[in-house]
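Trainee: Pasting a structure here, questions to come.
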Amino acid sequence: MKFCSTNNTGISVGLKEAVLKGLADDNGLYMPVNMPRLSEDTLKRLPELTFREIAFAMAQPFMTEDMPDDELRRIVNEAMNFEVPLVKIDDHISVLELFHGPTLAFKDFGARFMARVLGYFTKDLKQEIHVLVATSGDTGSAVANGFLDVPGIKVHVLFPKGLVTKIQEKQFTTLGKNITALEVAGKFDDCQRLVKLAFLDQELKNGLILTSANSINLGRLIPQSFYYAYACAQASKVDKNITFSVPSGNFGNLTAGLFAKAMGIPISHFIAATNVNDIFPKYLETSVFEPKDSVATLANAMDVGNPSNFVRIVHMYNQSHSAISKDITGYRYTDNEVKNAVKETYESTGYLLDPHGAIGYLALKDYLKTHSGQGVFLETAHPAKFMDTVEPIIGKKMNIPARLQKFIEGHSETTPLSNRFEDLKEYLTKQK
Ligand SMILES: *Cc1c(COP(=O)(O)O)cnc(C)c1O
């Protein structure tokens, strides 16, 4: 399969190049030149398949020219080694729990898959690959855990000292092995600036292979389409008219849902559920896309003022605002609405939402007031990751899953770094 850039449909690269580069040379995002479609036979058999079988069927059209089937099967089986339960909330609404991976958030799907794909593409290199990632919290933990123990790859996580929650920090500072946590004296923006400068530094790249595991990488996007297909396969035993509500920030998750629909998965509608950083719902309403500085909210992984995958969505719909708004409806919610939803849902159903999932749930409920059919919202993180927010809302201590407890009890090790590029350069030069 060939991939073009959202800025230039004339570009055509293979999957390997798209994954290794992340971003096209013209700064566009990679997209399949032609979206593949599953065969009618595969689509019909979906309800009989396991999650991993569906994942393989969804990934194969993208990968087949760059990777033998048995390698892809191994990668899918290793990466997708946790449950993806679809849990019924009431007669019309189910929740797809995407938090059963090692860092208790949906980013595990993308990070674990991409790590293994990158490992495969670089396995014949004599040299080590160095992955640099700047994080404000969740990305660092998913990427670090995704790449843990992948041979030939070293990960360097840059995080702002004192500005990441304790739980988040524990998830990437306690791993050791091929993962190093660099504690930067500065803000997230400093971390991001340092990473960018490293990629631009020719002297550094001379003798050192640097890559990023950015969320716009196709290697992270493609695996996020698997669970839409799986949820439909489970739910289609009941109903074929399924709406997905997706708590969104950079819109990678929702874009992956659009991939699944384009591949033939029977999805009737999408809901773009956001916090008050509502750039995309505003676009749906006004047809104007106007990025802004982000505002801090309780659903902080969705505090995004310029959603990076927007260009992929308009590319898929040939820039047609009316076509996009036919398939996607937007809703936004305030922190107060989120708090009330967490509390009320817990009290009336016993189900404990995290702040991100709560936004997906609210949007789905509002949509189903005027539409029929079956709805699924994505629960993108385990509520225990946000226990400092959730416990005061429900007025109770919550159970901490064992894998999270293990991180909390782990021993942190970090390497201090100033916010000057010279210091990062010196550190990286020693890796040569
Ligand atoms: C990253 C993240 C999101 C937002 O996903 P996008 O693909 O950026 O839209 C939502 N919820 C949680 C918990 C996240 O970590």
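The values are calculated or read from the model by the stated rules, or taken from the named source; none is laboratory data. As the structure is a prediction and not an experimental result, all values here were calculated from the model. Quick reminder, even Gly has a Cβ in these numbers, built from the backbone with ideal geometry, and neighbours come from all protein chains shown.
Trainee: In the range 305-323, what residues are surrounded by 20 or more Cβ atoms within 10 Å (Cβ to Cβ) and at pLDDT below 95?
Mentor: Of everything in the range 305-323, just one residue is surrounded by 20 or more Cβ atoms within 10 Å (Cβ to Cβ) and at pLDDT below 95, namely PRO307.
Trainee: On to the next question. Find all pairs meeting these conditions: Cβ atoms under 9 angstrom apart; at least six residues apart or on different chains; first residue within the range 355-372 and touching a residue at least 12 places away in the same chain (Cβ under 8 Å) and more than 16 Å from the ligand (Cβ to nearest atom); second residue among the charged types (D, E, K, R) and not in a helix (DSSP H, G or I).
Mentor: Once the first residue is touching a residue at least 12 places away in the same chain (Cβ under 8 Å) and more than 16 Å from the ligand (Cβ to nearest atom) and sits in the range 355-372, no partner that is among the charged types (D, E, K, R) and not in a helix (DSSP H, G or I) comes close enough.
Trainee: Could I ask something else about it? Out of the helices (runs of 4 or more DSSP H) lying entirely within the range 373-432, which hold 1 or more residues that are surrounded by 14 or more Cβ atoms within 10 Å (Cβ to Cβ) and modelled with pLDDT under 95?
Mentor: Of the helices (runs of 4 or more DSSP H) lying wholly inside the range 373-432, those with at least 1 residues that are surrounded by 14 or more Cβ atoms within 10 Å (Cβ to Cβ) and modelled with pLDDT under 95 span 387-394, 402-409.
Trainee: In the range 172-193, which residues are at pLDDT 95 or above and outside any loop (DSSP other than H, G, I, E, B)?
Mentor: Of everything in the range 172-193, those that are at pLDDT 95 or above and outside any loop (DSSP other than H, G, I, E, B) turn out to be PHE172, THR173, ILE179, THR180, ALA181, LEU182, GLU183, VAL184.
Trainee: Check whether at least one residue in the range 305-326 is among the charged types (D, E, K, R), part of a helix (DSSP H, G or I) and closer than 29 Å to ILE89 by Cβ, and report yes or no.
Mentor: yes
Trainee: For the range 104-144, how many residues are out of contact with any Gly (no Cβ under 6 Å at 6 or more places or on another chain) and assigned to a helix (DSSP H, G or I)?
Mentor: 16
Trainee: Given the conditions (1) within 24 Å of the chain's Cα centre (by Cα); (2) more than 18 Å from PHE251 (Cβ to Cβ), which single one is not true for ARG332?
Mentor: Tallying (1) within 24 Å of the chain's Cα centre (by Cα); (2) more than 18 Å from PHE251 (Cβ to Cβ), ARG332 fails exactly one: (2).
Trainee: Kindly list the number of the only condition in (1) in contact with a helix residue (DSSP H, G or I) (Cβ under 8 Å, 6 or more places away or on another chain); (2) at pLDDT below 95; (3) under 18 Å from ARG112 (Cα atoms) that fails for LEU163.
Mentor: (3)
Trainee: If a residue has to be outside any helix (DSSP H, G or I), surrounded by 23 or more Cβ atoms within 10 Å (Cβ to Cβ) and of a type outside the set (S, T, N, Q) to count, how many in the range 271-297 make the cut?
Mentor: 3
Trainee: Any idea how many residues of the range 100-115 are out of contact with any Lys or Arg (no Cβ under 6 Å at 6 or more places or on another chain) and buried (at least 24 other Cβ atoms within 10 Å of the Cβ)?
Mentor: Here the count works out to 11.
Okay, residues lined up against (1) closer than 15 Å to THR380 by Cβ; (2) in contact with a helix residue (DSSP H, G or I) (Cβ under 7 Å, 6 or more places away or on another chain); (3) surrounded by fewer than 24 Cβ atoms within 10 Å (Cβ to Cβ); (4) of a type in the set (S, T, N, Q):
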site: ILE54; (1), (2), (3), (4): no, yes, no, no
site: ASP66; (1), (2), (3), (4): no, yes, yes, no
site: PHE82; (1), (2), (3), (4): yes, no, yes, no
site: THR122; (1), (2), (3), (4): no, no, yes, yes
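Trainee: Those residues that are basic (Lys, Arg) and more than 23 Å from the chain's Cα centre (by Cα), I need them from the range 13-58; list them, please.
Mentor: Across the range 13-58, the qualifying residues are LYS44, ARG45.
Trainee: Okay, next question. What number of residues within the range 349-361 are touching a helix residue (DSSP H, G or I) at 6+ places or on another chain (Cβ under 7 Å) and either modelled with pLDDT under 95 or crowded, with 24+ Cβ neighbours inside 10 Å (or both)?
Mentor: Counting residues in the range 349-361 that are touching a helix residue (DSSP H, G or I) at 6+ places or on another chain (Cβ under 7 Å) and either modelled with pLDDT under 95 or crowded, with 24+ Cβ neighbours inside 10 Å (or both) gives 7.
Trainee: Checking the condition in contact with a Cys (Cβ under 7 Å, 6 or more places away or on another chain) and within 20 Å of ASP366 (Cα to Cα), which residue from ILE242, ILE279, ILE271, ILE265 passes?
Mentor: ILE242
Trainee: Could I ask something else about it? Give the residue that is nearest to the ligand (Cβ to nearest atom), with candidates limited to residues of the range 264-276 that are farther than 19 Å from THR6 by Cβ and among the aliphatic types (A, V, I, L, M).
Mentor: Ranking the candidates gives ALA273 first.
Yes or no, residue by residue, for (1) more than 22 Å from ASN27 (Cβ to Cβ); (2) in contact with a strand residue (DSSP E or B) (Cβ under 9 Å, 6 or more places away or on another chain); (3) more than 16 Å from the ligand (Cβ to nearest atom):
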residue: TYR230; (1), (2), (3): yes, yes, yes
residue: PHE244; (1), (2), (3): yes, yes, no
residue: PHE259; (1), (2), (3): no, yes, no
residue: VAL311; (1), (2), (3): no, yes, no
residue: ASP327; (1), (2), (3): yes, yes, yes
